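To start, the structure under review is shown below, and the notes come after it.
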Amino acid sequence: MKIYEAAALIKNKSISPSELACEIMGRINEREGDIKAYITLSENLSIPKEAVEGSPLWGIPIAVKDNICTKGVRTTAGSRMLENFVPDYDATVVERLKKCGAVITGKTNMDEFGMGSDSLCSAFHVTKNPHNTLYVPGGSSGGSAAAVKAGMALASLGTDTGGSIRQPAAFCGIYALKPTYSLISRHGLIAFASSLDCIGPMANCVKDLAIVTDAIAGGDSKDATSSTREKENYYANIKPQVKNIKIGLPKEFFENADDSVKKAVYTMAQKLEEMGAIVNECSCKSVKYATAAYYVISSAEASSNLARYDGVRFGYKSKEYKSFEELCVKSRSEALGNEVKKRIIFGTRVLSGENYNFYYNKANLARSLIRNELESLLGEFHVLLTPVCPAVVPKINEKKDSGKVCEKDRCTAAVSLADLPAISIPCGKDENGMPIGAQLIGNRFCEQLLFNIAAACEEGGLCDV
Ligand code: GLN
């Protein structure tokens, strides 16, 4: 069920919030044993005390990724390091959802600290793709995507540093928004890479994305990086419309993409043209640097952000130690997973001595190139249309080549490096019947236009796959 439909039924009293909560509990009992989207399930699905009536989210069950703090509810970031961490405050996004009357269903599984693309790097368990349980749900917000797809929440919050909202949405065949950097407060988000991290909604349709964005967007005095722009009213202002919209297809985003991915996204472009959009190919040469720049910058920032887990101030503490140094080394060795260790080591290395100039500064230079090139394309076109991921959904037990895995982040990481907003919508299926996602990239703070175009795609049947 979609949020806007459920909200209408709740409003005219055809169903009550508690009946909806029971329905969702039933779905969770039925599917969760197999899918394992959640790390922690909420004990109580009643409307929060602090809620004020009037929002379409009144009584709507929403899942929250487990790196977003929830007062009194364990928040692990998918790591043994935070296995027993119970925050004593809500992240701003959670506070805002609760104020609207949303019901938090639980905390969803994720790659440890957001590092990964398939949710297999969670310290807890593997989440399966509800379309076909032999396949991964994507990552790092794999639990948030799977919970929505399996009907175990009507929407969810994910986080995206280099693609972690958009890619799992694409792999599970749902809709998602990575907002403009700074549109949504990150107070209470467990940091991975601060110059890239964003929180955003994942849902079953474009209208639902807009409803959740309306609830959580807007400046926050607790997050100095949040934008103080006036709040928009996305849901009320959705106008499905593509006539005379100029859409660019940057050809480098399609290079080395799987044939079924290229075909699905080009077919969507062709249909958009038939609906009145002006579609043209264009070029964005610097995207070839996106993956390298993203991994250098995000790992450098992660090595600094994760230095706080030293066995003293936060999280897991090793049992036996003789010195502070030994406590720190043992705590980190015992409680962090291999992917996280690899990134900390790599991030520390690119920041050390001469490497700072050679790798870190160079990556920032590449970031500027990508940003400038995308900005100039968005001066020419209203939006850009690309694949979300150049590859099809992999199987859970498929052998992975880590270089190739990183390269799959190219299309989403480029957008993150440029701080731009992008929406992920379903556009086809691969030869195994698994979903393929298309990415619409807009100018900074042009979320409304993205919602309008995506809604036109949805209405026009371009996303019925
Ligand atoms: N897959 C990318 C990574 O492993 C993106 C992760 C993210 O956006 N959190 O870093």
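Only one of G218, G162, G173, G248 is in contact with a Lys or Arg (Cβ under 6 Å, 6 or more places away or on another chain) and modelled with pLDDT of 95 or more; which? Please lay out each step first, then the result.
On the way: G162 fails: in contact with a Lys or Arg (Cβ under 6 Å, 6 or more places away or on another chain); G173 fails: in contact with a Lys or Arg (Cβ under 6 Å, 6 or more places away or on another chain); G248 fails: in contact with a Lys or Arg (Cβ under 6 Å, 6 or more places away or on another chain).
Going through G218, G162, G173, G248 in turn, just one is in contact with a Lys or Arg (Cβ under 6 Å, 6 or more places away or on another chain) and modelled with pLDDT of 95 or more: G218.
Yes/no per residue for (1) touching a strand residue (DSSP E or B) at 6+ places or on another chain (Cβ under 9 Å); (2) in a loop (DSSP other than H, G, I, E, B); (3) modelled with pLDDT of 95 or more; (4) of a type in the set (V, I, T):
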| position | (1), (2), (3), (4) |
| --- | --- |
| V261 | yes, no, yes, yes |
| T267 | yes, no, yes, yes |
| Q270 | yes, no, yes, no |
| N280 | yes, no, yes, no |
| V287 | yes, no, yes, yes |
| S303 | no, no, yes, no |
| R313 | no, yes, no, no |
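Would a scan of the range 261-269 turn up a residue that is free of Cβ contacts under 8 Å to residues at least 24 places away in the same chain and surrounded by 14 or more Cβ atoms within 10 Å (Cβ to Cβ)?
The initial filter retains those residues of the range 261-269 that are free of Cβ contacts under 8 Å to residues at least 24 places away in the same chain, namely 266.
Next cut, surrounded by 14 or more Cβ atoms within 10 Å (Cβ to Cβ) only: 266.
Yes, the range 261-269 contains at least one residue that is free of Cβ contacts under 8 Å to residues at least 24 places away in the same chain and surrounded by 14 or more Cβ atoms within 10 Å (Cβ to Cβ).
Here's a check for you: in the range 47-63, which residue that is outside any loop (DSSP other than H, G, I, E, B) and among the hydrophobic types (A, V, I, L, M, F, W, C) is surrounded by the fewest Cβ atoms within 10 Å (Cβ to Cβ)?
I62
Among the residues in the range 342-364, are any among the aliphatic types (A, V, I, L, M), over 22 Å from the mean Cα position of the chain (by Cα), surrounded by 16 or more Cβ atoms within 10 Å (Cβ to Cβ) and within 18 Å of C406 (Cα to Cα)?
Within the range 342-364, the subset among the aliphatic types (A, V, I, L, M) is 344-345, 350-351, 363.
In the following step, the residues that additionally are over 22 Å from the mean Cα position of the chain (by Cα) were identified as 345, 350-351, 363.
Within this subset, residues satisfying the condition of being surrounded by 16 or more Cβ atoms within 10 Å (Cβ to Cβ) are 350-351, 363.
From what's left, within 18 Å of C406 (Cα to Cα): 350, 363.
Yes, the range 342-364 contains at least one residue that is among the aliphatic types (A, V, I, L, M), over 22 Å from the mean Cα position of the chain (by Cα), surrounded by 16 or more Cβ atoms within 10 Å (Cβ to Cβ) and within 18 Å of C406 (Cα to Cα).
Each row is one residue, and each column tells you yes or no for (1) touching a helix residue (DSSP H, G or I) at 6+ places or on another chain (Cβ under 9 Å); (2) within 16 Å of the ligand (Cβ to nearest atom); (3) without any contact (Cβ under 8 Å) to a residue 24 or more places away in the chain.
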{"site": "I297", "(1), (2), (3)": "yes, yes, no"}
{"site": "F314", "(1), (2), (3)": "yes, no, no"}
{"site": "K322", "(1), (2), (3)": "no, no, yes"}
{"site": "V329", "(1), (2), (3)": "no, no, yes"}
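Here is a yes/no grid of residues against (1) of a type outside the set (G, A, S); (2) at pLDDT below 95; (3) touching a Ser or Thr at 6+ places or on another chain (Cβ under 8 Å):
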{"position": "K342", "(1), (2), (3)": "yes, no, no"}
{"position": "N357", "(1), (2), (3)": "yes, no, no"}
{"position": "R371", "(1), (2), (3)": "yes, no, no"}
{"position": "E375", "(1), (2), (3)": "yes, no, no"}
{"position": "E380", "(1), (2), (3)": "yes, no, no"}
{"position": "L384", "(1), (2), (3)": "yes, no, no"}
{"position": "V392", "(1), (2), (3)": "yes, no, yes"}
{"position": "V405", "(1), (2), (3)": "yes, yes, yes"}
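Answer with yes or no whether L97 is crowded, with 24+ Cβ neighbours inside 10 Å, under 22 Å from K2 (Cβ atoms), within 16 Å of the ligand (Cβ to nearest atom) and aliphatic (A, V, I, L, M).
Working: crowded, with 24+ Cβ neighbours inside 10 Å: yes; under 22 Å from K2 (Cβ atoms): yes; within 16 Å of the ligand (Cβ to nearest atom): no; aliphatic (A, V, I, L, M): yes.
No.
Results for (1) within 12 Å of the ligand (Cβ to nearest atom); (2) surrounded by fewer than 24 Cβ atoms within 10 Å (Cβ to Cβ); (3) in contact (Cβ under 8 Å) with a residue 40 or more places away in the chain, shown as yes or no for each residue.
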{"residue": "V392", "(1), (2), (3)": "no, yes, yes"}
{"residue": "D401", "(1), (2), (3)": "no, yes, no"}
{"residue": "T412", "(1), (2), (3)": "yes, no, yes"}
{"residue": "C427", "(1), (2), (3)": "no, no, yes"}
{"residue": "N432", "(1), (2), (3)": "no, yes, yes"}
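Take the conditions more than 14 Å from the ligand (Cβ to nearest atom), crowded, with 22+ Cβ neighbours inside 10 Å and either of a type in the set (S, T, Y) or modelled with pLDDT of 95 or more (or both) and apply them to S227. Does it pass? It would help to see each step written out before you state the result.
Numbers: more than 14 Å from the ligand (Cβ to nearest atom): yes; crowded, with 22+ Cβ neighbours inside 10 Å: no; either of a type in the set (S, T, Y) or modelled with pLDDT of 95 or more (or both): yes.
Against the criterion (more than 14 Å from the ligand (Cβ to nearest atom), crowded, with 22+ Cβ neighbours inside 10 Å and either of a type in the set (S, T, Y) or modelled with pLDDT of 95 or more (or both)), S227 does not qualify.
Consider G163 carefully, then state whether it is over 16 Å from R27 (Cα atoms) and surrounded by 24 or more Cβ atoms within 10 Å (Cβ to Cβ).
Working: over 16 Å from R27 (Cα atoms): yes; surrounded by 24 or more Cβ atoms within 10 Å (Cβ to Cβ): yes.
Judged against the criteria, G163 is a match.
So in the range 64-87, with the set limited to residues that are of a type in the set (A, V, I, L, M) and in a loop (DSSP other than H, G, I, E, B), which one is nearest to T159 (Cα to Cα)?
Taking the range 64-87 as the starting set, the residues that turn out to be of a type in the set (A, V, I, L, M) are 64, 68, 73, 77, 81-82, 86.
When the remaining residues are screened for being in a loop (DSSP other than H, G, I, E, B), the result is 77, 86.
On the way: A77: 11, V86: 19 Å.
Selected residue: A77.
Mind counting the residues in the range 117-130 that are within 13 Å of the ligand (Cβ to nearest atom) and either within 13 Å of K65 (Cβ to Cβ) or modelled with pLDDT under 95 (or both)?
2
Does the range 239-246 include one or more residues that are free of Cβ contacts under 8 Å to residues at least 60 places away in the same chain and surrounded by 19 or more Cβ atoms within 10 Å (Cβ to Cβ)? Talk me through it step by step, then tell me what you get.
Within the range 239-246, the first condition is being free of Cβ contacts under 8 Å to residues at least 60 places away in the same chain, and the residues that meet it are 243-244.
Checking which are surrounded by 19 or more Cβ atoms within 10 Å (Cβ to Cβ) leaves us with none.
No, that holds for no residue.
Listed here are the residues, each with its yes/no results for (1) modelled with pLDDT under 95; (2) among the aromatic types (F, W, Y); (3) more than 16 Å from V148 (Cβ to Cβ); (4) more than 24 Å from the chain's Cα centre (by Cα).
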residue: Y4; (1), (2), (3), (4): no, yes, no, no
residue: E32; (1), (2), (3), (4): no, no, no, no
residue: A37; (1), (2), (3), (4): no, no, no, no
residue: A63; (1), (2), (3), (4): no, no, no, no
residue: K71; (1), (2), (3), (4): no, no, yes, no
residue: G78; (1), (2), (3), (4): no, no, yes, no
residue: L82; (1), (2), (3), (4): no, no, yes, no
residue: M115; (1), (2), (3), (4): no, no, yes, no
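So is G114 surrounded by fewer than 16 Cβ atoms within 10 Å (Cβ to Cβ) and closer than 26 Å to G139 by Cβ or not? Step through it out loud before you land on a result.
On the way: surrounded by fewer than 16 Cβ atoms within 10 Å (Cβ to Cβ): no; closer than 26 Å to G139 by Cβ: yes.
In short, no.
Among the candidates Y181, Y235, single out the residue that is within 16 Å of the ligand (Cβ to nearest atom), touching a residue at least 60 places away in the same chain (Cβ under 8 Å) and hydroxyl-bearing (S, T, Y).
Working: Y235 fails: within 16 Å of the ligand (Cβ to nearest atom).
On inspection, the qualifying residue turns out to be Y181.
Residues in the range 81-115 that are in contact with a helix residue (DSSP H, G or I) (Cβ under 9 Å, 6 or more places away or on another chain) and of a type in the set (F, W, Y): how many?
Counting residues in the range 81-115 that are in contact with a helix residue (DSSP H, G or I) (Cβ under 9 Å, 6 or more places away or on another chain) and of a type in the set (F, W, Y) gives 2.
Mind counting the residues in the range 335-365 that are within 16 Å of the ligand (Cβ to nearest atom) and either in contact with a strand residue (DSSP E or B) (Cβ under 8 Å, 6 or more places away or on another chain) or among the aliphatic types (A, V, I, L, M) (or both)?
Narrowing the range 335-365 to residues within 16 Å of the ligand (Cβ to nearest atom): 336-347, 350, 363.
Subsequent filtering for residues that are either in contact with a strand residue (DSSP E or B) (Cβ under 8 Å, 6 or more places away or on another chain) or among the aliphatic types (A, V, I, L, M) (or both) retains 336, 340, 344-345, 350, 363.
Number satisfying all stated conditions: 6.
The values are calculated or read from the model by the stated rules, or taken from the named source; none is laboratory data. Just so it is clear, the model here is predicted, and its values are computed rather than measured. Ideal geometry is used to build each Cβ from the backbone, glycine not excepted, and the neighbour counts take in all protein chains shown.
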